[in-house]
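This is the structure I want to talk about, given as structure tokens.
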Amino acid sequence: MKRLKVFIINVIILTIVSLIVRSCGMLFDIYIANIIGSEGVGMFSLVMSVYVLFITLATSGINLATTRLVSEELAINDTTSAKLAIKKCIKLSLLFSVIVSFLLIVFAPIIIKLFLHNRISNNILYILAISLPFTSISISLSGYFTAVRRAYKASSSDVVNLVTKIITILALIPKFDLKNINDVVLLLILGTTISEIISFIYIYLLYACDKRRLKDFRTSKSNMPKRILKISIPVAITSYIRSGLSTLKQLLIPLNLEKSGLSCSYALSEYGMINGMSFSVLLFPGLIINSVASLLIPEFARYNVKQDYTKMNIVINKLFTLVICFSLFVLGFFLMFSKEISLIAYNNLKIGNYILILSPLVILMYLDHIIDAILRGIDKQVKVMYCNIADLFISVILICLLIPKYGIIGYLLIIYTSEILNTSISIYQLYKATHFKFDIFKGFIIPAMLLAIFIIIASLIL
């Protein structure tokens, strides 16, 4: 009962903090997007997709190892091993991130020439390389706070990160030419790098104070590095493939849009409107799902260690019902007000059309996020990666085949195909692992019918 109470309190705190952070972040992103335009948003999104790839290489699955091992050791009250786990994870994070930073510096000119049309300078990727060690260790420390059920402390570092980024970018805006795409991206990258460094300092200080709570009760286990690598290596290998394919996918989209007949600037603009603007709106309500998902990993890790499959299935059914009902509510909102949202946020009806077209995907995206968290908690993280790799591999092939021929319509079809495939495989993997039973009539059909009735009535009234 006490554990459930702590879980609920953490969810509430995380949701409130996430709501504040994401709301402020989204408003700031809208403000910046209106200043730099959709082409600038598109180029920045491409640069960040490269950054995400190198962050994946830097973390190498160690963040998941942190959460899993600390949770498992605390479940059997072995606090000494829990402390040892986080120390080893921090050291490994630092080692991998320094190596990856060097690789980013070496390959920066090639990446910019092949995929970014030399539209930005090498300095932008060099600056990102500086931030990699700080970001990597911060992610591991966030895993620690999730494991000890004080995820609100990690969330507070997100607040520090956002506030620092906003202040930095606003202070630097007068010094940059916002009509120059290189200056625009450089401005945003500087803000991102400085905020990552400041938030690292903050979360490390929190960790230094928090670890004193863990008193030594047992003799630490000498095989801790082996256990960390057992979790992180499979995740790292599959993560490298997944993230590499994901980055390749994002870089190929504007290139293939150009092959369909669009100019480079227009292709970047369309890419920015879909990936940088429409999806930021669609994913915004999912912050509640993100708060729950981040806390599910240690909870399901405990169920798995204790082999409490009955409790596991009860929780899965409740989660599915809640996520689907919430997703349907969000879908109804987007179906009714997509144009109003786009006009208020971006003063652009075209973005409203993209939001309307893509809004049914919120059901799949939110549900898939929860399923991935559960699979990671029950030691099926490699299965999650296999799902993502299969999805991305198919997406890359479809991008090369469909987008040059059908343009934007082909890209939208690929997005739908990708989400349906990814979620279907994830559900199948979860069923194989837990054999859960979900009442689709009560959990989906009835809420969907109620949503349809509500939309019809509301449309007639409006």
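Taking the highest mean first, how do the peptides 280-289, 370-379 order by number of other beta carbon atoms within 10 angstrom per residue? If you can, show how the numbers build up before the last one.
On the way: 280-289: 19.8, 370-379: 22.6.
Packing proxy ranking, top to bottom: 370-379, 280-289.
With runs of 4+ DSSP H residues as the only contributors, calculate the mean residue ellipticity of the chain at 222 nm using -39,500 (n - 2.57) per run, divided by the residue total and rounded to the nearest 500. Before the final figure, lay out each step's value.
On the way: 16 runs with 390 residues, N = 462.
-30000 deg cm²/dmol, from helical runs alone.
Looking at this model, which pairs from LYS249/LYS350; LYS88/LYS311; LYS88/LYS380; LYS179/LYS350 are more than 26 angstrom apart at the alpha-carbon? Please list the in-between numbers first.
Numbers: LYS249/LYS350 23 Å; LYS88/LYS311 32 Å; LYS88/LYS380 22 Å; LYS179/LYS350 22 Å.
Table pairs above 26 Å Cα-Cα are LYS88/LYS311.
Please tell me the relative contact order of the chain in percent, rounded to the nearest whole number, where contacts are Cα pairs under 8 Å and at least six residues apart.
Details: 614 pairs, mean separation 99.8, N = 462.
RCO, the chain: 22 percent.
Turning to a different aspect of this structure: Quick one: net charge around ILE198, please, counting Lys, Arg +1 and Asp, Glu -1 for every other residue with C-beta under 15 Å from its C-beta. Display every interim value, and only then the final one.
Details: positive: LYS165; negative: ASP158, GLU196.
After counting each charged neighbour, the total is -1.
Subtract the Cα-Cα distance of TYR309 and ILE173 from 0.36 nm times their separation in residues, and report this length gain in nm to one decimal.
Values: separation 136, 0.36 × 136 = 48.96 nm, distance 5.43 nm.
Contour length minus Cα-Cα distance gives 43.5 nm.
DSSP H helices in the chain with Cα extent of 20 Å or more along the helix axis and mean Kyte-Doolittle hydropathy at least -0.5?
Values: long enough: 2-59 (50 Å, 1.58); 79-115 (50 Å, 1.73); 122-147 (38 Å, 1.15); 151-172 (32 Å, 1.05); 181-210 (43 Å, 1.62); 224-259 (51 Å, 0.42); 287-306 (30 Å, 0.82); 309-346 (48 Å, 1.42); 361-377 (24 Å, 1.45); 381-406 (36 Å, 1.48); 408-434 (39 Å, 0.89); 446-461 (23 Å, 2.88).
Within the chain the helices that satisfy the rule are 2-59, 79-115, 122-147, 151-172, 181-210, 224-259, 287-306, 309-346, 361-377, 381-406, 408-434, 446-461.
Here's another thing I want to ask about it. Please sort by residue number the trypsin sites (Lys or Arg not before Pro) in region 383-462 whose DSSP state is loop and whose Cβ has at most 12 other Cβ atoms within 10 Å. Write down the numbers at each step before the final one.
On the way: sites: LYS383, LYS405, LYS432, LYS437, LYS442; in loops: LYS437.
Here the sparse-neighbourhood loop sites are LYS437.
I'd like the trypsin sites (Lys or Arg not before Pro) in region 105-207 restricted to DSSP loop residues with at most 11 other Cβ atoms within 10 Å, sorted by number. Could you put the intermediate results ahead of the total?
Working: sites: LYS113, ARG119, ARG149, ARG150, LYS153, LYS165, LYS175, LYS179; in loops: ARG119, ARG149, ARG150, LYS179.
When the trypsin sites (Lys or Arg not before Pro) of region 105-207 are filtered for loop state and at most 11 Cβ neighbours within 10 Å, LYS179 remain.
Along its three principal axes, how long is region 2-461 when you only count alpha carbons? Whole Å, largest extent first please.
In descending order, the Cα extents are 65, 55, 39 Å.
Which shape class, rounded, prolate or oblate, goes with region 341-462 when its Cα gyration tensor gives a ≥ b ≥ c as root eigenvalues, a/c under 1.5 marks rounded, and past that a/b bigger than b/c marks prolate?
Note, shape of region 341-462 comes out oblate.
Shifting gears a bit: Which FRET efficiency, nearest 0.05, do LEU412 and PHE284 yield, Cβ-Cβ r, R0 25 Å?
My answer for the efficiency is 0.80.
Contour minus end-to-end for LYS211 and CYS264, with contour as 0.36 nm per residue of separation and end-to-end as the Cα-Cα distance? Walk me through the intermediate numbers first.
Numbers: separation 53, 0.36 × 53 = 19.08 nm, distance 5.11 nm.
Once the chain is fully extended between LYS211 and CYS264, it gains 14.0 nm.
Taking 0.36 nm per residue of sequence separation and subtracting the Cα-Cα distance, how much length would be gained by fully extending the chain between MET449 and SER23, in nm to one decimal? Don't jump to the answer; show the numbers that get you there.
Details: separation 426, 0.36 × 426 = 153.36 nm, distance 3.04 nm.
Here the answer is 150.3 nm.
How many angstrom lie between the C-alpha centres of region 113-145 and region 397-462?
A separation of 33 Å, based on Cα centres.
Taken together, the values in this text are just the output of simple stated rules run on the coordinates, not laboratory data. Treat the numbers as computed from the prediction; the structure is a model and nothing was measured. In this analysis, Cβ positions are derived from the backbone assuming ideal geometry, glycine residues included, and neighbour counts consider all displayed protein chains.
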